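Student: Take a look at the following structure, please.
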There are 2 protein chains.
Amino acid sequence: MAATSIKQLLAGSIATGNTVRVQGWVRSRRDSKGGFSFMAIHDGSSFDAIQAVIPAELDNYQDEILQAGAGCSVKITGELVASQGKGQAFEIQAQSVDVVGWVDDPESYPIAKKRHSFEYLRTVAHLRPRTNTFGAITRVRTVLANAIHNYFFEREFQWINTPLITASDCEGAGELFRVSTLDLTHLPRTENDAIDFAQDFFGEESFLTVSGQLNVESYCMALSKVYTFGPTFRAENSNTSRHLAEFWMVEPEIAFADLNDDADLAEDFLSYLFNTVLEKCEDDLAFFNQFVDKTCLERLQTVADKNFVRMDYTEAVSILEKTKKTFEYPVKWGIDLQSEHERFLCEEHVGAPVVVMNYPKDIKAFYMRMNDDEKTVAAMDVLAPGIGEIIGGSQREERLDILNARMAEQGIGDELWWYKDLRRYGTVPHAGFGLGFERLISYVTGMENIRDVIPFPRTPGNAPF
Amino acid sequence: MAATSIKQLLAGSIATGNTVRVQGWVRSRRDSKGGFSFMAIHDGSSFDAIQAVIPAELDNYQDEILQAGAGCSVKITGELVASQGKGQAFEIQAQSVDVVGWVDDPESYPIAKKRHSFEYLRTVAHLRPRTNTFGAITRVRTVLANAIHNYFFEREFQWINTPLITASDCEGAGELFRVSTLDLTHLPRTENDAIDFAQDFFGEESFLTVSGQLNVESYCMALSKVYTFGPTFRAENSNTSRHLAEFWMVEPEIAFADLNDDADLAEDFLSYLFNTVLEKCEDDLAFFNQFVDKTCLERLQTVADKNFVRMDYTEAVSILEKTKKTFEYPVKWGIDLQSEHERFLCEEHVGAPVVVMNYPKDIKAFYMRMNDDEKTVAAMDVLAPGIGEIIGGSQREERLDILNARMAEQGIGDELWWYKDLRRYGTVPHAGFGLGFERLISYVTGMENIRDVIPFPRTPGNAPF
């Protein structure tokens with residue numbers, strides 16, 4: 001007999017009175033004096049466990065059932081019945097219970113039932129998906145990842161997997177991981193005693209990428225609407241709750257589009273994602289809203305309802321200068337906005353998500369389109385209450401002469417010859433943005449530390465499992 | 001006025017007589033003596049371009065239209081009409097044509113209209129998506145990637161992004177890329193003069209992963225049905241048409257499942273993917289079938305129809321030993337099957353996809369489940385006509401004592417303590433497989449060189465763009 005998922009059973013997909021089978025793990029067991037036991041079984045398909053009522057008459061009741069505690073794996077067959085207790089509408093009257101896998105020494109089981117700190121659970125990242133919280137995070141991740149792909153697919157975007165290993169990473173910063181097969185104990189040298197990367201795997205010094213944007217632009221200039229959704233890397237030595245060395249990023253890119261089109265896309269995209277997760281992860285979000293962050297649902301609804309306000313950077317600075325609030329970082333035109341500024345704007349001043357547009361050119365990347373004032377570029381940040389910047393994007397410089405000048409200013413040389421080609425042959429105005437997937441998950445779940453919203457976090461000093 | 005995609009226009013989504021706008025790139029232009037020009041415009045949304053008929057009366061006809069050739073970007077507004085010619089059912093009677101971006105020196109445009117070799121096009125990987133072939137490959141990739149995610153999502157699988165950077169990669173082989181931020185010109189040393197990886201970014205020697213399987217098993221042991229779909233790496237110095245240093249892999253893992261369940265999943269999954277691509281990429285596949293590989297559609301249909309044959313490795317060897325065909329690599333029980341053997345089995349002996357099951361334990365990995373004969377393990381390969389192995393999988397060893405013995409035999413030590421924990425706490429029989437995404441795309445499109453089915457291929461000596 002095939003098993004049915006607990007999600008399907010709790011949703012009422014099968015009529016009561018039928019014999020069903022569930023398989024999963026024991027969340028808890030309680031023994032009644034009345035001659036039966038209650039087992040809560042989870043299988044990962046839903047937030048809630050299903051309860052099985054197990055009569056003492058079963059052959060293995062004394063020897064097995066009464067020994068089977070949290071974490072044991074079981075197969076249960078029985079009749080699906082309406083539940084008498086509060087909580088779920090359905091439960092199972094067990095006719096047989098097979099204990100498939102035991103827990104060695106239940107006393108030392110690392111995630112035995114009591115509550116654990118998130119910090120501790122990071123040290124058992126291979127077992128934490130068995131907890132309520134990490135099961136819920138996993139389901140939210142899956143629903144949002146699926147929503148991202150389907151949003152773009154339904155709108156005729158092509159998914160482009162840009163390369164992770166690159167020898168021409170010019171976005172700057174220099175916080176890059178080197179990828180190499182050179183033997184470190186016998187490094188090959190050139191005549192000038194420099195490291196001879198010509199002998200490395202790719203024939204030149206190679207790194208893990210920090211963004212797929214430049215590559216995906218070449219597909220945008222052929223297929224009009226494209227996106228990436230893949231891993232990106234930062235070798236930044238930041239031990240904070242907001243930084244990961246390896247994380248996933250979504251980067252759409254659209255042709256025949258300017259900065260307003262880009263903001264339209266960002267708003268519509270976020271609204272779609274939040275509506276989807278509100279609809280499909282009701283139980284999981286209710287859990288986060290109750291136990292992790294009580295503003296979670298309200299925040300999601302605000303963004304889902306698309307109450308975005310757009311303002312120019314110059315206006316934003318003027319608002320920040322006029323307020324009586326004092327900031328750690330002083331404000332004047334030309335600075336990059338800090339988290340405290342961003343959060344003031346969206347949380348206190350507007351009370352809704354804000355799109356700040358047209359930033360000073362000197363604090364932005366070479367590929368952002370120069371505005372007519374020659375002081376600002378067509379960049380935008382989407383700021384959301386409770387987190388600050390959630391999306392960063394720009395219209396790209398599509399004019400070859402201006403791009404050349406900007407690249408020369410920043411000392412970027414011929415390695416991006418191919419990127420210039422995109423402006424040389426059939427250039428069009430185009431724009432795009434980046435959304436950090438783990439940042440999105442943090443925002444949706446209210447989980448404060450980004451290490452807790454990715455299965456196996458990579459941070460300075462840590463790449464276990 | 002908003003633009004409509006060419007896919008929508010050609011599909012008849014808008015009634016003739018309406019004014020429409022398209023934006024895209026000129027594939028070709030032809031000037032008639034009758035006082036008008038024909039332009040074929042593509043925007044990446046579909047295989048076919050749409051034809052615009054441009055009257056000489058337009059203001060910019062002489063100065064612009066007659067100069068705008070292949071690769072120029074244009075916006076065209078006009079009336080959608082039924083086409084008189086053969087080919088498409090619809091065309092546009094242009095009322096205005098804006099040339100948005102020109103082609104610098106059309107004579108030297110790297111992908112001017114004539115046919116190019118795939119080898120040449122790899123040197124202009126930033127422009128090759130503008131060609132028929134690479135546009136089609138991109139759409140097939142997108143449809144299949146979306147089908148993969150939706151197949152699993154609809155069946156309650158959770159998507160797990162396993163880490164790419166890992167310090168505990170024990171799958172063996174040793175063909176790994178090192179990930180490091182150490183300064184190669186001043187390598188830190190330990191007291192014993194070894195490289196001091198404690199000072200590297202992650203505090204120990206770290207690599208790019210070759211598989212997410214071991215990690216994803218830990219999620220399988222909590223959420224029952226999971227999968228990865230992400231990049232993997234091989235630092236193998238193989239300059240062949242079948243190897244990439246960086247490629248994407250799909251790895252589902254299912255709990256409470258044995259090798260037969262695994263084979264069922266693999267068959268159903270491939271059948272779903274091929275049915276989806278046959279339905280959604282009709283035009284693109286017709287192109288591949290005509291110009292790239294004339295057996296393409298027939299092959300896809302065979303797999304889509306699920307005519308899989310299962311046989312034991314031992315039976316497969318016996319068939320290979322009995323045939324009169326001579327092989328380069330001689331056959332006897334205990335060898336790993338070579339491509340020539342695999343292709344003989346599925347192409348000549350069976351004439352359909354074959355699942356070979358239960359391989360000798362000595363040629364398989366430590367985590368595969370030992371069979372009762374103690375000579376074979378519960379491994380399987382799915383072989384498809386025209387390519388050989390397309391999927392490899394196994395039931396995993398869920399018994400701690402046997403796993404311990406297998407790991408000890410292969411000299412794998414304590415670094416996998418966490419993997420053993422999965423057997424210590426609530427173990428269940430489970431199984432999974434891996435499907436190389438680019439291998440799938442090669443198979444579907446008939447493209448012979450795997451470098452041509454990924455946007456920017458990484459191979460020994462090559463990581464440009």
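The values are calculated or read from the model by the stated rules, or taken from the named source; none is laboratory data. Computed from a predicted structure; not experimentally measured. For neighbour counting, all protein chains shown are included, and Cβ atoms are generated from backbone atoms with ideal geometry for every residue, glycine included.
Student: For B:V277, are the conditions met, namely being over 30 Å from A:V22 (Cα atoms), at pLDDT below 95 and buried (at least 17 other Cβ atoms within 10 Å of the Cβ)?
Tutor: no
Student: Then there's this: Being of a type in the set (K, R) and either within 21 Å of A:A125 (Cα to Cα) or not in a helix (DSSP H, G or I) (or both) is the filter here; which residues of segment B:401-431 pass it?
Tutor: Correct list: B:K420, B:R423, B:R424.
Student: Hey, another quick one. Counting just the residues of segment A:381-400 that are within 14 Å of another protein chain (Cβ to nearest Cβ) and of a type in the set (D, E), which one comes out farthest from A:Y443 (Cα to Cα)?
Tutor: Per the stated criteria, the residue is A:E398.
Student: So the check is Cβ under 6 Å with 6+ separation or different chains; which pairs have a first residue in segment A:115-139 that's under 17 Å from A:F287 (Cα atoms) and a second one that's buried (at least 22 other Cβ atoms within 10 Å of the Cβ) and of a type in the set (D, E, K, R)?
Tutor: Hits for this filter: A:F118/A:D452; A:F134/A:R128; A:A136/A:D284; A:R139/A:D284.
Student: Out of all the residues in segment B:456-464, is one or more aromatic (F, W, Y) and away from every other protein chain (no Cβ under 14 Å)?
Tutor: For segment B:456-464, residues aromatic (F, W, Y) and away from every other protein chain (no Cβ under 14 Å): absent.
Student: Looking only at segment A:84-136, how many residues end up being surrounded by fewer than 15 Cβ atoms within 10 Å (Cβ to Cβ) and either of a type in the set (G, A, S) or modelled with pLDDT under 95 (or both)?
Tutor: 14
Student: Please work out which residue is nearest to the chain's Cα centre (by Cα), limiting yourself to segment A:221-278 and to residues that are among the basic types (K, R) and more than 22 Å from A:R299 (Cβ to Cβ).
Tutor: Looking at residues that are among the basic types (K, R) and more than 22 Å from A:R299 (Cβ to Cβ), I get A:R234.
Student: Something else: Residue under question is A:F433, and the condition is that it be away from every other protein chain (no Cβ under 14 Å), aromatic (F, W, Y) and either buried (at least 24 other Cβ atoms within 10 Å of the Cβ) or closer than 22 Å to A:E236 by Cα (or both); does it hold?
Tutor: In short, yes.
Student: I've got another one for you. Can you tell me how many residues within segment B:367-393 are within 22 Å of B:W417 (Cβ to Cβ) and touching a residue at least 60 places away in the same chain (Cβ under 8 Å)?
Tutor: Selection size over segment B:367-393: 2.
Student: Related question: Here are some residues: B:G17, B:G34. Which one is touching a residue at least 12 places away in the same chain (Cβ under 8 Å), over 28 Å from A:S218 (Cβ atoms), not hydroxyl-bearing (S, T, Y) and not in a helix (DSSP H, G or I)?
Tutor: Selected residue: B:G17, the only one of B:G17, B:G34 that is touching a residue at least 12 places away in the same chain (Cβ under 8 Å), over 28 Å from A:S218 (Cβ atoms), not hydroxyl-bearing (S, T, Y) and not in a helix (DSSP H, G or I).
Student: Taking segment A:137-177 as the region of interest, how many residues are surrounded by fewer than 17 Cβ atoms within 10 Å (Cβ to Cβ) and facing chain B (nearest Cβ under 8 Å)?
Tutor: So the answer is 1.
Student: Collect the residues in segment B:294-328 that are more than 29 Å from the chain's Cα centre (by Cα) and hydroxyl-bearing (S, T, Y), keeping them in residue-number order.
Tutor: Those that are more than 29 Å from the chain's Cα centre (by Cα) and hydroxyl-bearing (S, T, Y): B:T314, B:S318, B:T323, B:T326.
Student: Would you be able to say whether some residue in segment B:2-13 is of a type in the set (V, I, T), within 14 Å of chain A (Cβ to nearest Cβ) and out of contact with any Lys or Arg (no Cβ under 8 Å at 6 or more places or on another chain)?
Tutor: The answer is yes, given that some residue of segment B:2-13 is of a type in the set (V, I, T), within 14 Å of chain A (Cβ to nearest Cβ) and out of contact with any Lys or Arg (no Cβ under 8 Å at 6 or more places or on another chain).
Student: Moving on. Exactly one condition in (1) part of a helix (DSSP H, G or I); (2) at pLDDT 95 or above is not met by A:T302; state its number.
Tutor: (2)
Student: Within segment A:42-65, can you find the residues that are under 30 Å from the mean Cα position of the chain (by Cα), away from every other protein chain (no Cβ under 11 Å) and crowded, with 22+ Cβ neighbours inside 10 Å?
Tutor: Across segment A:42-65, the qualifying residues are A:A49, A:I50.
Student: A further question follows. Among A:E438, A:E398, A:E448, A:E374, which is the only one that is surrounded by 21 or more Cβ atoms within 10 Å (Cβ to Cβ) and part of a loop (DSSP other than H, G, I, E, B)?
Tutor: After applying the criteria, what remains is A:E398.
Student: I want to confirm something. Restricting to segment A:292-322 and keeping residues that are without any contact (Cβ under 8 Å) to a residue 24 or more places away in the chain and hydrophobic (A, V, I, L, M, F, W, C), which single residue is surrounded by the fewest Cβ atoms within 10 Å (Cβ to Cβ)?
Tutor: A:L297
Student: Further, regarding this structure: Among the numbered criteria (1) more than 34 Å from the chain's Cα centre (by Cα); (2) within 12 Å of chain A (Cβ to nearest Cβ); (3) exposed (fewer than 14 other Cβ atoms within 10 Å of the Cβ), which one does B:A68 miss?
Tutor: All conditions pass for B:A68, except number (3).
Student: Across segment B:401-419, which residue is farthest from B:A263 (Cα to Cα) among those that are buried (at least 16 other Cβ atoms within 10 Å of the Cβ) and more than 10 Å from every other protein chain (Cβ to nearest Cβ)?
Tutor: Going through the qualifying residues, I end up with B:I412.
Student: For B:K324, only one of the following conditions fails: (1) assigned to a loop (DSSP other than H, G, I, E, B); (2) closer than 21 Å to B:L435 by Cα. What is its number?
Tutor: So B:K324 meets the others, but not (2).
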